[in-house]
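Trainee: Structure provided below as structure tokens; questions to follow.
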Amino acid sequence: MIYDAVIIGGGVVGCAILNKLTRLNQNVALIEKGDDVALGASRANSGIVHAGFDCKPNTLKAKFNVEGNPLVYGLAKELGVSYKNCGAVVVGNNKKMVTELYNRGIKNGVDGIEILTRDRLLELVPHLADDVTCGLYAKTSGIVSPFMLTVALAEQAVINGAKVFFNTEITKVKKCGEHYLLSGKNFNIEAKVIINSAAAGYNDMAKIIGAETYETNFRRGEYFLLDNTANFLTNLTVFPLPDEKSKGVLVTPTSHGEILVGPTSYDSDTLTITTPEGLAEIKQKALKTIKDIPFKQSIRNFSGVRVICGSDFIVEKSKLKNNVINIAGICSPGLSSAPAIANYVALNLLGLNNTEKKMKPRKPYTVVSELNKKQINKLVSKNPDYGKIICKCEKVTLGEIKEALNSPLKPKSVDAIKRRVYAGMGRCQGGFCLTRVISAIAKNYNISEMEVNKENIGSNFYVENIK
């Protein structure tokens, strides 16, 4: 089989392109060297659907952010992914900078932005820091689960005929007439078009393909995740005034109900580590926008690494190789821009007609904790596994885990299950449920517990006497 296009990289941009091309009736595949989608920046970011006021005018970032903002909400609703159009404020004590952001937003075509005084800001954010005097409000900003959006985009594509290949590392690309042959250990895949959306691995793939490489830097952002008992702090995203490197340390609710504080912005390698210095910086800077942040209620620290290629996104046809599309440097606001990037690739770079086929729907996973007693009893009477609690913190049942294990992408690692049904994402971070999740995965795939990975091949657990 020769695919119309192969996408390399299972981040939110790659999965958005996979979904869009499937809608346009293309025969497409996605190749991911890891064991799941959303393994890089798409799992470890702020989950913000940016309004688009911060981007420099006349850039791809501005274009795709503003176009992508409503598309993210539309896709999240269609796919059954948790999101909230909660709005955001940028706060500080420099009226001139706030006005500049406002003017930039107007130039970018952002709707629903206004400059607010402290009194008006306090109505929106009662825990505002004492030194804040003014701010910018953006009503179109919001939050979404970045990893579940990525998963759902890929799942719907697979349901409608797309293919996703995990644990598949490309080592050679050869031009064969009018198409390409991509090969590696025990596989060969043929495609008319290659779309390189490999994020941190972009240059490595570009060298194999023979396409352009770009000067690339990596920037690490560290975060605190606070327990949902801290959600009194704010109902919307609170940014400081941005600087040249980043949008600053924000405080935001997540789509799942916790509070996220961060990130830092350090030039780095690709290691997703946290540091005492970085976490201390988050505390110091966050308290300049929100007071009384209960950092003692932190349930997890983590970091993500974003890829920087100059000052803008790179989304273009290769000049060195025909039918190769280069997508690089997709940092913030990449999540918000993903559907617009997908549209641009399909319609502008590939020249496809924007006539979408009717897609079979993706069925969202059952969330037992959101059901009422009558609904739970009805569900359990049909399948007792939905009455067996595996994760006490998030109240995730065995039925939900089995449902995820048998979903279109067939997740096989503990972290893949965590991203889908939140088992292990609560207060104890898997202290209670880890061995039970391992056991469920092993039984589902008829393997031993010690063959189960935390994430990706080689991250096996040493497991003894799981019951």
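The values are calculated or read from the model by the stated rules, or taken from the named source; none is laboratory data. All values derive from a computational prediction rather than experimental measurement. Glycine gets a Cβ as well: all are built from the backbone with ideal geometry, and neighbour counts include every protein chain shown. Protein only, heavy atoms only, side chains kept; ligands, DNA and RNA dropped before computing areas. Shrake-Rupley method; radii C 1.70, N 1.55, O 1.52, S 1.80 Å.
Trainee: I need the per residue convex hull volume for the range 1-144, using only the alpha carbons, in cubic angstrom as a whole number. If you can, show how the numbers build up before the last one.
Mentor: Details: hull volume 20.1 nm³, N = 144.
Per residue, the Cα convex hull of the range 1-144 comes to 140 Å³.
Trainee: Ordered by packing density, taken as the mean number of other Cβ atoms within 10 Å over each peptide's residues, highest first, how do 163-174, 199-210 rank?
Mentor: Listed from highest to lowest mean packing, they are 199-210, 163-174.
Trainee: In addition: Projected onto the charge dipole of the range 340-445 (+1 at Lys/Arg Cβ, -1 at Asp/Glu Cβ, origin at the Cα centre), which of 411, 348, 397 gives the Cα projection farthest towards the positive end?
Mentor: It is 397.
Trainee: For the chain, what is the charge dipole size about the Cα centre, in debye to the nearest 20, if Lys and Arg each add +1 at the Cβ and Asp and Glu each add -1 at the Cβ?
Mentor: Working: 60 positive and 44 negative charges, 223 e Å.
Magnitude of the dipole: close to 1080 debye.
Trainee: May I pose another question? Tell me, what ³J(HN,Hα) does each residue in the range 333-350 have, in order and in whole Hz, if you take phi through Karplus 6.51 cos²θ - 1.76 cosθ + 1.60 with θ = phi - 60° and put x for Gly and Pro?
Mentor: Ordered by residue, 3J(HN,Hα) equals x, x, 4, 5, 8, 3, x, 6, 4, 4, 4, 5, 4, 5, 8, 8, 7, 8 Hz.
Trainee: Grab the DSSP H runs of the chain that are 4 residues or longer, score each as -39,500 (n - 2.57), total them, divide by all residues and round the 222 nm result to the nearest 500 deg cm²/dmol.
Mentor: So the helix-based figure for the chain works out to -8500 deg cm²/dmol.
Trainee: Stretched out fully, how many nm does the piece from residue 448 to residue 389 gain, at 0.36 nm a residue minus the Cα gap? Can you show the working numbers first?
Mentor: On the way: separation 59, 0.36 × 59 = 21.24 nm, distance 2.21 nm.
Stretched fully, the residue 448-residue 389 segment lengthens by 19.0 nm.
Trainee: For the chain, report the accessible area per residue in Å² (1.4 Å probe, heavy atoms, rounded to an integer).
Mentor: Numbers: 20840 Å² over 467 residues.
Per-residue accessible area for the chain comes out at 45 Å².
Trainee: For the range 286-428, go through all pairs of different Cα atoms, get the mean of 1/r, take its inverse, and jot down that Kirkwood value in Å.
Mentor: Mean inverse Cα-Cα distance, inverted, gives 19.8 Å.
Trainee: Here is a follow-up. Bin width 10 Å, alpha-carbon pairs only: give the P(r) of the range 216-334 as whole percents, running from 0 to the bin holding the largest distance.
Mentor: 13, 40, 29, 12, 6, 1
Trainee: If you look at just the Cα atoms of the range 105-215, how large are its Rg and its Dmax in Å?
Mentor: 23.3, 67
Trainee: Now for a separate question. In debye to the nearest 20, how big a dipole does the range 86-144 give about its Cα centre with +1 on each Lys and Arg Cβ and -1 on each Asp and Glu Cβ?
Mentor: 220
Trainee: Moving on. For the range 338-390, what percent of Cα pairs sit more than 18 Å apart?
Mentor: The proportion of pairs with Cα distances above 18 Å equals 58 percent.
Trainee: Hey, another quick one. When DSSP assigns beta bridges and you keep just the ones with both residues in the chain, what percent turn out antiparallel, to the nearest 5?
Mentor: In the chain, DSSP labels about 70 percent of beta bridges as antiparallel.
Trainee: At q = 0.08 Å⁻¹, what is the log10 ratio I(q)/I(0) for the chain, with the Debye formula run over Cα points and no solvent?
Mentor: -0.47
Trainee: Tell me, what are the semi-axes, in whole angstrom and largest first, of the equivalent ellipsoid of the range 61-126 as set by the roots of 5 times the Cα gyration tensor eigenvalues?
Mentor: The equivalent ellipsoid of the range 61-126 has semi-axes of 26, 17, 7 Å.
Trainee: Roughly how many debye, to the nearest 20, is the charge dipole of the range 336-467 about its Cα centre, given +1 on each Lys and Arg Cβ, -1 on each Asp and Glu Cβ, and no other charges?
Mentor: Using only the charged Cβ atoms, the result is roughly 600 debye.
Trainee: Right, next: Could you tell me which residue out of 144, 181, 216 lies farthest along the dipole of the range 88-225 toward its positive end? Charges go on the beta carbon: Lys and Arg +1, Asp and Glu -1, centred on the Cα centre.
Mentor: 181
Trainee: How big is the shadow of the Cα convex hull of the range 366-467, averaged over all directions, in nm²?
Mentor: Value for the range 366-467: 6.5 nm².
Trainee: Then there is this: Among 263, 320, 304, pick out the residue whose Cα is farthest towards the positive end of the charge dipole of the range 255-326, where Lys and Arg carry +1 and Asp and Glu carry -1 on C-beta, about the Cα centre.
Mentor: 320
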